[in-house]
Amino acid sequence: MSVEVRFLGSGNAFAAGGRGHACIMVTATEGRILLDCGGSALPAITAACDPSTIDAVAITHLHGDHFGGLPYLVLQQKYAPRSRPLALGGPPSLGARFLQVADGLYPDFLDEPFPFELEFTTLHETPVRLGPADVSAHPVTHVPASEPHGLRVRVGGKLIAYTGDAAWSDALPALADGADLFICEATTYSTNDPAHLSARELARHRDELRAKRIIVTHLGSESLANRHDLVFDIAEDGATFEV
Ligand SMILES: [Zn+2]
C-alpha cells in the first residue's frame, strides 16, 4: 500500500509567494499524522480533510511557522467536539510552549474541561509510537532556542524523513538514510544562511543523501525566483505525492 503525502504548507516563515506555513499531512491505512502545524495550517487542514481524522502531530521545532497552528487545531477540535485523544509529539518544551501560546491567544482556552485528551510526547532518537507512526527526532543545526530536530517517520511500511528547518550538517545524511522520501528544506537558492539550507548546497551534497526521492519545501523568495533551476522536485501547497 502506498502512503499519501500532501503538502498543506510549503512556505517559509514569511509566507513567500503566498505559500502557507509548514504542514505536511501523511495518510496511511493505519491513520493520519501531520508533520509540523505552522501558524497558517488550520484553513489548509479543514480544506483538505476532516480534522477529527488526524491521529497525531509531530513537531520539528518551536518556531511559529512550524507549531503556531496547534492552538487553532486543538481549539477547532474542542468544539467539533472530538472525543478521542490527539497525540502531539515534539521537542522537550512543546507542552509548555503550546500552553503559553494557547493562553496568549485565548485566555480562557483551558478554563473548561476538554472533551478529549491531549497526549504530549517528547520525541527522541529512539522511535516512539505517535498515532499511526513510529517517529524519532534527531538534532539538526538551526536556532538552538527552537529545539530543532529532523524527523524520521515510519508509517504504512514506508520511511519518510523531514528536516524541518536545518542548515547543512552531517546530521542530514543520517536523517535521510534509507528513506523512501526525504523532505528537505531549501529556504534560499544560493545565499548562505547559518540556520537554513540553500538549494545549491543541497545539490552539492546530493550524493551523500541515500533517499529514494527528495522533495524540497520551506521555499523562500530566492528559491522561488530560481525555481526553474532547482534540480529537485518542489513542494506546492495542496500537492499530493504517493510514496
Ligand atoms: Zn521555518
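The values are calculated or read from the model by the stated rules, or taken from the named source; none is laboratory data. The structure presented is a predicted model; accordingly, all values stated were derived computationally and were not measured. Note that we place each Cβ from the backbone using ideal geometry, even for glycine, and neighbour counts take in every protein chain shown. Accessible surface is based on the protein model in full, side chains and every heavy atom, while ligands, DNA and RNA are left aside. Shrake-Rupley method; radii C 1.70, N 1.55, O 1.52, S 1.80 Å.
So, Arg154, is that one open to solvent by 60 Å² or more (accessible area, probe 1.4 Å), in a strand (DSSP E or B), touching a residue at least 12 places away in the same chain (Cβ under 8 Å) and of a type in the set (Lys, Arg) or not? Step through it out loud before you land on a result.
Values: open to solvent by 60 Å² or more (accessible area, probe 1.4 Å): yes; in a strand (DSSP E or B): yes; touching a residue at least 12 places away in the same chain (Cβ under 8 Å): yes; of a type in the set (Lys, Arg): yes.
So Arg154 passes the test.
One residue is enough: does the range 123-134 have a residue meeting the conditions buried (at least 19 other Cβ atoms within 10 Å of the Cβ) and outside any loop (DSSP other than H, G, I, E, B)? Walk me through it before giving the result.
Filtering the range 123-134 down to residues buried (at least 19 other Cβ atoms within 10 Å of the Cβ) leaves 123, 130-133.
Keeping just the survivors that are outside any loop (DSSP other than H, G, I, E, B) gives 130, 133.
There is at least one residue in the range 123-134 that is buried (at least 19 other Cβ atoms within 10 Å of the Cβ) and outside any loop (DSSP other than H, G, I, E, B).
Which residues, counting only those in the range 25-61, are assigned to a loop (DSSP other than H, G, I, E, B) and either of a type in the set (Ser, Thr, Tyr) or surrounded by fewer than 24 Cβ atoms within 10 Å (Cβ to Cβ) (or both)?
We begin by selecting, within the range 25-61, every residue assigned to a loop (DSSP other than H, G, I, E, B); these are 29-30, 38-40, 49-50, 54-55, 59-61.
Scanning the range 25-61 gives Thr29, Glu30, Gly39, Ser40, Cys49, Asp50, Ile54, Asp55, Thr60.
Take Val101 and decide whether it is within 25 Å of Val135 (Cα to Cα), at pLDDT 95 or above, in contact with a Pro (Cβ under 7 Å, 6 or more places away or on another chain) and not in a loop (DSSP other than H, G, I, E, B). Full working, then the answer.
Details: within 25 Å of Val135 (Cα to Cα): yes; at pLDDT 95 or above: yes; in contact with a Pro (Cβ under 7 Å, 6 or more places away or on another chain): yes; not in a loop (DSSP other than H, G, I, E, B): yes.
Yes; evaluated as a whole, the condition is true for this residue.
Condition check: within 16 Å of the ligand (Cβ to nearest atom), farther than 16 Å from Arg210 by Cα and among the small types (Gly, Ala, Ser). Does Ala133 satisfy that? Outline the logic, then answer.
Details: within 16 Å of the ligand (Cβ to nearest atom): no; farther than 16 Å from Arg210 by Cα: yes; among the small types (Gly, Ala, Ser): yes.
Taking the combined requirement at face value, the residue does not satisfy it.
Which of the residues that make up the range 184-197 are within 16 Å of the ligand (Cβ to nearest atom) and farther than 15 Å from Ala235 by Cα?
Here is the first cut: in the range 184-197, the ones within 16 Å of the ligand (Cβ to nearest atom) are 184-188, 191, 193-197.
If the condition is that a residue be within 16 Å of the ligand (Cβ to nearest atom) and farther than 15 Å from Ala235 by Cα, then Thr191, Asp193, Pro194, Ala195, His196, Leu197 are the ones that fit.
Given the structure, is Thr163 within 16 Å of the ligand (Cβ to nearest atom), open to solvent by 10 Å² or more (accessible area, probe 1.4 Å) and under 16 Å from the mean Cα position of the chain (by Cα)?
Details: within 16 Å of the ligand (Cβ to nearest atom): yes; open to solvent by 10 Å² or more (accessible area, probe 1.4 Å): no; under 16 Å from the mean Cα position of the chain (by Cα): yes.
No, not satisfied.
In the range 68-81, what residues are open to solvent by less than 10 Å² (accessible area, probe 1.4 Å) and without any contact (Cβ under 8 Å) to a residue 40 or more places away in the chain? Steps first, answer last, please.
At the first step, the residues of the range 68-81 found to be open to solvent by less than 10 Å² (accessible area, probe 1.4 Å) are 69-71, 73-74, 77.
Matches in the range 68-81: Leu70, Pro71, Leu73, Gln77.
Taking the range 1-24 as the region of interest, how many residues are open to solvent by 10 Å² or more (accessible area, probe 1.4 Å), farther than 16 Å from Leu70 by Cα and not in a loop (DSSP other than H, G, I, E, B)?
Residues flagged as open to solvent by 10 Å² or more (accessible area, probe 1.4 Å), farther than 16 Å from Leu70 by Cα and not in a loop (DSSP other than H, G, I, E, B) within the range 1-24 amount to 5.
For the range 158-186, what are the residues that are in a loop (DSSP other than H, G, I, E, B), in contact (Cβ under 8 Å) with a residue 24 or more places away in the chain and of a type in the set (Asp, Glu)?
Initial filter on the range 158-186 (in a loop (DSSP other than H, G, I, E, B)): 163-166, 168-170, 177-180, 186.
Still in the list and also in contact (Cβ under 8 Å) with a residue 24 or more places away in the chain: 163-166, 168-169, 177-180, 186.
Across the range 158-186, the qualifying residues are Asp165, Asp177, Asp180.
Please name all residue pairs, on different chains or six or more residues apart, with Cβ atoms under 7 Å, provided the first residue is in the range 115-138 and is among the β-branched types (Val, Ile, Thr) and the second residue is assigned to a loop (DSSP other than H, G, I, E, B) and open to solvent by 60 Å² or more (accessible area, probe 1.4 Å).
So the pair list comes out as Thr122/Pro92; Val135/Pro127.
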